[in-house]
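A.B. asks: Could you have a look at this structure, given as C-alpha coordinates, before my questions?
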Amino acid sequence: MNPRRSAASRIGTGVAVAAVLIFTLFPVYWMVSSALDKKASSGGQSLLPQELTFDNFAFVLTDGGFGTFLRNSAIVALVTVLISAIVCLLAAVAVARFRFRFRTTILMLILVVQMVPLEALVIPLFLQVKSLGLLNSILGLMVVYVALSLAFGIWMLRGFVAAVPVELEEAAYIDGASWWRMFRSILLPLVMPGLVATSIFSFITAWNEFIFAMTILGSATDQYTVSIGLKSFFGLHSNDWGSIMAASTIITIPVMIFFVIVQRRLSAGMVAGAVKG
(Lines give C-alpha, C1' and ligand atoms only; values in the text may rest on other atoms or scores of the structure.)
Protein backbone atom coordinates (compact mmCIF):
# COMPACT_ATOMS: atom_id res chain seq x y z
CA MET A 1 0.00 0.00 0.00
CA ASN A 2 1.26 3.48 -0.86
CA PRO A 3 2.60 5.11 2.37
CA ARG A 4 1.49 8.57 1.24
CA ARG A 5 -2.02 7.33 0.55
CA SER A 6 -2.11 5.55 3.92
CA ALA A 7 -1.00 8.73 5.73
CA ALA A 8 -3.57 10.80 3.85
CA SER A 9 -6.25 8.28 4.78
CA ARG A 10 -5.32 8.50 8.48
CA ILE A 11 -5.31 12.27 8.35
CA GLY A 12 -8.70 12.31 6.64
CA THR A 13 -10.11 9.91 9.25
CA GLY A 14 -8.71 12.06 12.05
CA VAL A 15 -10.21 15.22 10.60
CA ALA A 16 -13.59 13.53 10.17
CA VAL A 17 -13.56 12.23 13.77
CA ALA A 18 -12.54 15.67 15.07
CA ALA A 19 -15.35 17.31 13.09
CA VAL A 20 -17.92 14.86 14.49
CA LEU A 21 -16.65 15.42 18.05
CA ILE A 22 -16.79 19.19 17.67
CA PHE A 23 -20.27 19.01 16.17
CA THR A 24 -21.43 16.75 19.01
CA LEU A 25 -19.72 18.38 21.99
CA PHE A 26 -19.96 22.06 21.08
CA PRO A 27 -23.63 22.42 22.20
CA VAL A 28 -22.65 20.92 25.57
CA TYR A 29 -19.68 23.29 25.85
CA TRP A 30 -21.84 26.29 24.93
CA MET A 31 -24.45 25.30 27.51
CA VAL A 32 -21.93 24.94 30.34
CA SER A 33 -19.88 28.01 29.38
CA SER A 34 -23.02 30.17 29.13
CA ALA A 35 -24.15 28.91 32.53
CA LEU A 36 -20.83 30.04 34.01
CA ASP A 37 -20.64 33.32 32.06
CA LYS A 38 -21.68 36.37 34.10
CA LYS A 39 -22.77 38.24 30.96
CA ALA A 40 -24.96 35.40 29.65
CA SER A 41 -28.08 36.62 31.49
CA SER A 42 -28.05 39.82 29.45
CA GLY A 43 -27.39 37.99 26.19
CA GLY A 44 -23.72 39.00 26.06
CA GLN A 45 -22.14 35.57 26.30
CA SER A 46 -19.10 34.84 24.17
CA LEU A 47 -17.25 31.74 23.00
CA LEU A 48 -14.86 32.05 25.94
CA PRO A 49 -16.49 33.33 29.18
CA GLN A 50 -15.04 36.67 30.21
CA GLU A 51 -15.90 36.31 33.89
CA LEU A 52 -16.78 32.98 35.52
CA THR A 53 -19.51 32.87 38.14
CA PHE A 54 -21.83 30.37 39.82
CA ASP A 55 -24.52 32.98 40.42
CA ASN A 56 -26.72 31.52 37.70
CA PHE A 57 -26.73 28.11 39.40
CA ALA A 58 -27.40 29.71 42.78
CA PHE A 59 -30.32 31.70 41.39
CA VAL A 60 -31.83 28.69 39.64
CA LEU A 61 -31.67 26.48 42.75
CA THR A 62 -32.92 29.14 45.20
CA ASP A 63 -35.01 31.96 43.76
CA GLY A 64 -35.84 29.93 40.66
CA GLY A 65 -37.30 27.10 42.75
CA PHE A 66 -35.50 24.48 40.69
CA GLY A 67 -34.79 22.37 43.75
CA THR A 68 -38.50 21.58 44.00
CA PHE A 69 -38.64 20.70 40.31
CA LEU A 70 -35.66 18.36 40.72
CA ARG A 71 -37.31 16.62 43.65
CA ASN A 72 -40.56 16.14 41.75
CA SER A 73 -38.75 14.81 38.68
CA ALA A 74 -36.67 12.42 40.77
CA ILE A 75 -39.78 11.02 42.45
CA VAL A 76 -41.65 10.65 39.15
CA ALA A 77 -38.69 9.08 37.34
CA LEU A 78 -37.77 6.58 40.06
CA VAL A 79 -41.34 5.45 40.67
CA THR A 80 -41.93 5.13 36.92
CA VAL A 81 -38.78 3.03 36.50
CA LEU A 82 -39.64 0.76 39.44
CA ILE A 83 -43.27 0.09 38.51
CA SER A 84 -42.69 -0.25 34.77
CA ALA A 85 -39.74 -2.62 35.34
CA ILE A 86 -41.81 -4.94 37.55
CA VAL A 87 -44.89 -4.92 35.30
CA CYS A 88 -42.91 -5.26 32.05
CA LEU A 89 -40.83 -8.16 33.36
CA LEU A 90 -43.83 -10.14 34.62
CA ALA A 91 -45.80 -9.46 31.43
CA ALA A 92 -42.80 -10.42 29.28
CA VAL A 93 -42.48 -13.74 31.14
CA ALA A 94 -46.19 -14.38 30.58
CA VAL A 95 -46.17 -13.77 26.82
CA ALA A 96 -42.82 -15.52 26.26
CA ARG A 97 -43.32 -18.63 28.37
CA PHE A 98 -47.06 -19.33 28.56
CA ARG A 99 -49.44 -20.29 25.78
CA PHE A 100 -52.91 -18.80 26.16
CA ARG A 101 -55.78 -17.59 24.01
CA PHE A 102 -55.23 -14.31 22.12
CA ARG A 103 -51.52 -14.36 22.95
CA THR A 104 -50.53 -13.45 19.38
CA THR A 105 -53.20 -10.76 19.27
CA ILE A 106 -51.84 -9.19 22.45
CA LEU A 107 -48.32 -9.18 21.00
CA MET A 108 -49.55 -7.52 17.83
CA LEU A 109 -51.42 -4.88 19.85
CA ILE A 110 -48.25 -4.15 21.81
CA LEU A 111 -46.38 -3.68 18.54
CA VAL A 112 -49.12 -1.44 17.10
CA VAL A 113 -49.12 0.77 20.22
CA GLN A 114 -45.43 1.55 19.62
CA MET A 115 -46.31 2.87 16.16
CA VAL A 116 -48.82 5.42 17.46
CA PRO A 117 -47.37 8.97 17.78
CA LEU A 118 -47.29 10.16 21.38
CA GLU A 119 -49.11 13.35 20.40
CA ALA A 120 -52.12 11.24 19.42
CA LEU A 121 -52.31 9.86 22.98
CA VAL A 122 -52.37 13.21 24.79
CA ILE A 123 -56.16 13.70 24.77
CA PRO A 124 -57.11 10.04 25.52
CA LEU A 125 -54.67 9.85 28.44
CA PHE A 126 -55.74 13.27 29.69
CA LEU A 127 -59.38 12.13 29.78
CA GLN A 128 -58.45 8.92 31.58
CA VAL A 129 -56.40 10.75 34.19
CA LYS A 130 -59.24 13.24 34.63
CA SER A 131 -61.74 10.41 35.16
CA LEU A 132 -59.45 9.03 37.88
CA GLY A 133 -59.34 12.44 39.60
CA LEU A 134 -55.55 12.63 39.28
CA LEU A 135 -55.16 15.87 37.34
CA ASN A 136 -52.71 18.46 38.71
CA SER A 137 -50.73 15.83 40.62
CA ILE A 138 -47.51 13.94 40.03
CA LEU A 139 -49.39 10.73 40.78
CA GLY A 140 -51.40 11.18 37.60
CA LEU A 141 -48.20 11.92 35.70
CA MET A 142 -46.66 8.70 37.02
CA VAL A 143 -49.66 6.74 35.73
CA VAL A 144 -49.20 8.26 32.26
CA TYR A 145 -45.45 7.61 32.14
CA VAL A 146 -45.86 4.00 33.27
CA ALA A 147 -48.48 3.51 30.55
CA LEU A 148 -46.12 5.00 27.94
CA SER A 149 -43.27 2.72 29.02
CA LEU A 150 -45.16 -0.57 29.03
CA ALA A 151 -45.41 -1.30 25.29
CA PHE A 152 -41.70 -0.80 24.60
CA GLY A 153 -40.64 -2.53 27.81
CA ILE A 154 -42.80 -5.64 27.32
CA TRP A 155 -41.78 -6.05 23.69
CA MET A 156 -38.08 -5.71 24.45
CA LEU A 157 -38.04 -7.91 27.55
CA ARG A 158 -40.01 -10.59 25.73
CA GLY A 159 -36.98 -11.08 23.48
CA PHE A 160 -34.67 -11.48 26.47
CA VAL A 161 -36.95 -13.97 28.22
CA ALA A 162 -37.45 -15.98 25.03
CA ALA A 163 -33.66 -16.15 24.56
CA VAL A 164 -33.23 -17.97 27.89
CA PRO A 165 -33.27 -21.75 27.26
CA VAL A 166 -36.25 -23.48 28.80
CA GLU A 167 -33.92 -26.33 29.80
CA LEU A 168 -32.33 -24.10 32.44
CA GLU A 169 -35.69 -23.57 34.11
CA GLU A 170 -36.55 -27.28 33.88
CA ALA A 171 -33.20 -28.18 35.43
CA ALA A 172 -33.95 -25.85 38.34
CA TYR A 173 -37.35 -27.49 38.85
CA ILE A 174 -35.75 -30.95 38.80
CA ASP A 175 -33.35 -29.81 41.52
CA GLY A 176 -36.36 -28.93 43.67
CA ALA A 177 -36.47 -25.18 43.13
CA SER A 178 -39.81 -23.39 43.35
CA TRP A 179 -40.94 -21.01 40.61
CA TRP A 180 -39.88 -18.01 42.68
CA ARG A 181 -36.44 -19.52 43.37
CA MET A 182 -35.99 -20.31 39.67
CA PHE A 183 -37.10 -16.80 38.72
CA ARG A 184 -34.78 -15.13 41.24
CA SER A 185 -31.70 -17.31 40.66
CA ILE A 186 -31.93 -18.27 36.96
CA LEU A 187 -34.23 -16.06 34.91
CA LEU A 188 -33.73 -12.65 36.53
CA PRO A 189 -29.90 -12.56 36.26
CA LEU A 190 -30.07 -13.59 32.60
CA VAL A 191 -32.60 -10.92 31.63
CA MET A 192 -31.01 -8.20 33.79
CA PRO A 193 -29.31 -6.46 30.79
CA GLY A 194 -32.72 -6.08 29.11
CA LEU A 195 -34.25 -4.86 32.35
CA VAL A 196 -31.55 -2.20 32.61
CA ALA A 197 -32.13 -1.13 28.99
CA THR A 198 -35.87 -0.73 29.51
CA SER A 199 -35.26 1.08 32.80
CA ILE A 200 -33.07 3.61 30.99
CA PHE A 201 -35.83 4.21 28.46
CA SER A 202 -38.37 4.72 31.25
CA PHE A 203 -36.04 7.03 33.17
CA ILE A 204 -35.24 9.26 30.20
CA THR A 205 -38.91 9.42 29.21
CA ALA A 206 -40.00 10.45 32.70
CA TRP A 207 -37.11 12.90 33.16
CA ASN A 208 -37.22 14.77 29.85
CA GLU A 209 -40.87 14.60 28.72
CA PHE A 210 -42.69 17.94 28.46
CA ILE A 211 -46.05 17.69 26.64
CA PHE A 212 -47.75 15.20 28.96
CA ALA A 213 -46.26 16.87 32.04
CA MET A 214 -47.63 20.26 31.01
CA THR A 215 -51.02 18.78 30.12
CA ILE A 216 -51.48 16.70 33.27
CA LEU A 217 -50.00 19.09 35.84
CA GLY A 218 -51.71 22.22 34.47
CA SER A 219 -51.47 25.08 36.93
CA ALA A 220 -50.12 23.05 39.88
CA THR A 221 -46.77 24.87 39.98
CA ASP A 222 -45.63 23.06 43.12
CA GLN A 223 -45.91 19.76 41.21
CA TYR A 224 -43.91 20.84 38.15
CA THR A 225 -41.03 18.72 36.86
CA VAL A 226 -37.73 20.03 35.50
CA SER A 227 -38.93 20.12 31.89
CA ILE A 228 -41.76 22.52 32.82
CA GLY A 229 -39.63 24.39 35.34
CA LEU A 230 -37.15 25.24 32.60
CA LYS A 231 -39.93 27.06 30.74
CA SER A 232 -40.29 29.54 33.59
CA PHE A 233 -36.99 31.20 32.63
CA PHE A 234 -38.29 32.10 29.17
CA GLY A 235 -39.94 35.53 29.09
CA LEU A 236 -42.47 37.03 26.71
CA HIS A 237 -40.03 39.54 25.25
CA SER A 238 -36.65 38.40 26.63
CA ASN A 239 -34.97 35.30 28.00
CA ASP A 240 -32.64 34.83 30.95
CA TRP A 241 -30.06 32.77 29.07
CA GLY A 242 -27.71 32.42 32.02
CA SER A 243 -30.43 30.80 34.13
CA ILE A 244 -31.70 28.76 31.18
CA MET A 245 -28.26 27.28 30.54
CA ALA A 246 -27.62 26.70 34.25
CA ALA A 247 -30.95 24.88 34.58
CA SER A 248 -30.22 22.87 31.42
CA THR A 249 -26.86 21.83 32.84
CA ILE A 250 -28.46 20.74 36.10
CA ILE A 251 -31.08 18.73 34.18
CA THR A 252 -28.38 17.00 32.13
CA ILE A 253 -26.17 15.89 35.03
CA PRO A 254 -28.50 13.18 36.52
CA VAL A 255 -29.08 11.66 33.08
CA MET A 256 -25.35 11.54 32.37
CA ILE A 257 -24.61 9.97 35.74
CA PHE A 258 -27.37 7.40 35.29
CA PHE A 259 -26.15 6.53 31.79
CA VAL A 260 -22.48 6.24 32.81
CA ILE A 261 -23.39 3.86 35.63
CA VAL A 262 -25.40 1.49 33.44
CA GLN A 263 -23.69 2.03 30.06
CA ARG A 264 -21.94 -1.34 30.02
CA ARG A 265 -25.13 -3.21 30.83
CA LEU A 266 -27.04 -1.14 28.27
CA SER A 267 -24.64 -2.07 25.44
CA ALA A 268 -24.77 -5.75 26.34
CA GLY A 269 -28.53 -5.63 26.70
CA MET A 270 -29.17 -4.01 23.32
CA VAL A 271 -27.04 -6.63 21.53
CA ALA A 272 -28.42 -9.60 23.44
CA GLY A 273 -32.02 -8.53 23.02
CA ALA A 274 -31.70 -8.48 19.26
CA VAL A 275 -30.50 -12.09 19.01
CA LYS A 276 -33.76 -13.89 19.51
CA GLY A 277 -37.36 -12.62 19.68
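A.B. asks: Take the chain, mark every one of the chymotrypsin sites (Phe, Trp or Tyr not before Pro) that falls in a DSSP loop and has at most 16 other Cβ within 10 Å, then report the longest stretch left between them, sites excluded.
C.D. replies: Longest site-free region, per DSSP loop and neighbour criteria: 103-209.
A.B. asks: In whole angstrom, note down how far apart the Cα centers of the range 46-118 and the range 152-196 are.
C.D. replies: That distance is 24 Å.
A.B. asks: Another question, if that's okay. Under the rule of -39500 (n - 2.57) per DSSP H run of 4 or more residues, summed and divided by the residues of the chain, what mean residue ellipticity at 222 nm is obtained, to the nearest 500 deg cm²/dmol?
C.D. replies: That comes out to -24000 deg cm²/dmol.
A.B. asks: Which trypsin sites (Lys or Arg not before Pro) in the range 69-122 sit in a loop by DSSP (not H, G, I, E or B) and have at most 12 other Cβ atoms within 10 Å of their own Cβ?
C.D. replies: Arg99, Arg101
A.B. asks: Oh, and also: Considering only the other residues whose Cβ falls under 13 Å of the Cβ of Gly64, what net charge follows from Lys and Arg at +1 and Asp and Glu at -1?
C.D. replies: -2
A.B. asks: Give me the percent of the accessible area of the chain that comes from carbon and sulfur atoms, probe 1.4 Å, all protein chains in place.
C.D. replies: With neighbouring chains kept in place, the figure for the chain is 70 percent.
A.B. asks: Additional query: Figure the gain on full extension for Leu109 and Phe210 (residue separation times 0.36 nm, minus the Cα-Cα span) and round it to one decimal in nm.
C.D. replies: Gain in length upon complete extension: 33.8 nm.
A.B. asks: Turning to a different aspect of this structure: Looking at Val146, Phe160, Ala206, which one has the Cα that reaches farthest to the positive end of the dipole of the chain (charges on Cβ: Lys, Arg +1; Asp, Glu -1)?
C.D. replies: In the chain, that residue is Phe160.
A.B. asks: Nearest 20 debye, what's the magnitude of the dipole of the range 131-247 about its Cα centre given +1 on Lys and Arg Cβ and -1 on Asp and Glu Cβ?
C.D. replies: Values: 4 positive and 7 negative charges, 32 e Å.
Roughly 160 debye, rounded to the nearest 20.
A.B. asks: Rounded if a/c is under 1.5, else prolate if a/b beats b/c, else oblate: with a ≥ b ≥ c from the C-alpha gyration tensor eigenvalues square-rooted, which is the chain?
C.D. replies: Details: a/c = 2.40, a/b = 1.33, b/c = 1.80.
Oblate.
The values are calculated or read from the model by the stated rules, or taken from the named source; none is laboratory data. Since the model is a prediction, treat every value here as computed from it, not as a measurement. Reconstructed Cβ throughout: ideal geometry from the backbone, glycine too, with neighbour counts over all protein chains shown. Accessible surface is based on the protein model in full, side chains and every heavy atom, while ligands, DNA and RNA are left aside. Shrake-Rupley method; radii C 1.70, N 1.55, O 1.52, S 1.80 Å.
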